[in-house]
Each structure stands twice: as structure tokens, then as C-alpha cells.
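Written out below as C-alpha cells is the structure these notes cover.
The values are calculated or read from the model by the stated rules, or taken from the named source; none is laboratory data. Note that the structure is predicted; figures quoted are calculated from it, not measured. Cβ placement follows ideal geometry from the backbone for every residue including glycine, while neighbour counts extend to all protein chains displayed. These accessible areas exclude ligands, DNA and RNA; they are computed on the full protein's heavy atoms, side chains included. Shrake-Rupley method; radii C 1.70, N 1.55, O 1.52, S 1.80 Å.
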Amino acid sequence: LDFLPAINFLRRKLNIPTFRSRDLMGRKNDWAFAVAGATKAQLLTDLREAVDKAIEDGESLGQFRQRFDQAVQDAGWDYRGGRNWRTKIIYETNLRTSYQAGRAQQIDDVRDERPYLLYRHGGSRVPRARHVSSPPDGWNGLVLRSDDPFWDTHFPPNGWGCSCGVFTLS
């Protein structure tokens, strides 16, 4: 099913060429679409279209990989890292960040009726200790008001590969 808040989040991003994954950090990723090493405008546009299509149409990683391969071939791009690893990172990162941005919009829409958020570990295969540990040392099961400053820096995803989520509570 279409998740318009997530799709709209992705559509608002600007294409930004980068040399390394660390060229854009933190909140800059909220407004920029970047693929490390993709410095040519047409390549970045083609990769962006592949990601957009995958998210808008609910395509699988395999379908995204076909578009990725075509964009790479058209551009003659020699990227770092193996194809399967690289495509999975691009696909999952954009899918998760777009989805969570959509969730943030939903949370804002119900803030008066459901003013609390519950942090839940998402089951990633290599979890970070804080993500799976319970309070006071960890975040799994933590409940705070949705306007608590904690969420400004800890709203998922919290790092590469994080699949944690938040749930609203009354």
C-alpha cells in the first residue's frame, strides 16, 4: 500500500553528489539524497529514480538491483564494495529512513490523542547494546512523551542497519 508520508519525504530530498559516505552526516541526510561515490548528476538521478520506484511501488530488493545495475552500466560507474552489499545498503537505508519519516508525520497527526512514544528494538541481526537493552541503560521499552528532547536525537533509525521503531501510546 502507498505510504504517502514516506513517499513525500523521499520526493523532497535534493540530489547531492558525494565522494564518501561521511560527506553528509546527521540531519543533512534528512534533506539530501546521496550515494557515496556517485558524483555525476545523471548517475545520481538514475539511482534516485531506482530508489523512488522501489519505495513508491513497494518493489523488492531484487527489482531495485536491476535498476541499480542499469544505472551503473549506463554511467560506467566503478563503485566500491560488492554489488549485493552496496545495493542492500542503498535500498534498506532509503526504505527505513523514508518509512520512519512517514511515521514521524503520523505521530505528529495523533500527538494530542497519543502523546507518548514507546521505543522498540526491531530485531536486526547485529543489534547495538543500547537498542536491545531496557532502561535505564538502554532504549528498548523506553516510554517518553513524544515532545521529549530525547526523540530529537534518538528517533529511529539510529545508525546504519537499525530497524528499531516507535509506537504511539495514550
From the residues in segment 159-170 that are surrounded by 12 or more Cβ atoms within 10 Å (Cβ to Cβ) and within 19 Å of the chain's Cα centre (by Cα), which one is nearest to residue 88 (Cα to Cα)? 161
Looking for whichever is among the acidic types (Asp, Glu), open to solvent by 50 Å² or more (accessible area, probe 1.4 Å) and in a loop (DSSP other than H, G, I, E, B) here; the options are 74, 108, 112, 69. Which one fits? 112
Determine, yes or no, whether residue 148 is open to solvent by less than 80 Å² (accessible area, probe 1.4 Å), assigned to a loop (DSSP other than H, G, I, E, B) and out of contact with any Gly (no Cβ under 6 Å at 6 or more places or on another chain). yes
Across segment 77-93, what is the total count of residues that are out of contact with any Phe, Trp or Tyr (no Cβ under 7 Å at 6 or more places or on another chain) and either outside any helix (DSSP H, G or I) or basic (Lys, Arg) (or both)? 8
From the list 97, 153, 93, 87, which residue is open to solvent by 70 Å² or more (accessible area, probe 1.4 Å) and either within 22 Å of residue 10 (Cα to Cα) or among the small types (Gly, Ala, Ser) (or both)? 153
Looking across segment 109-158 at residues that are closer than 19 Å to residue 5 by Cβ and basic (Lys, Arg), the single one that is nearest to the chain's Cα centre (by Cα) is 111
Residues that are assigned to a helix (DSSP H, G or I) and without any contact (Cβ under 8 Å) to a residue 40 or more places away in the chain, drawn from segment 46-66: 46, 48, 49, 50, 53, 57, 61, 62, 63, 64, 65, 66
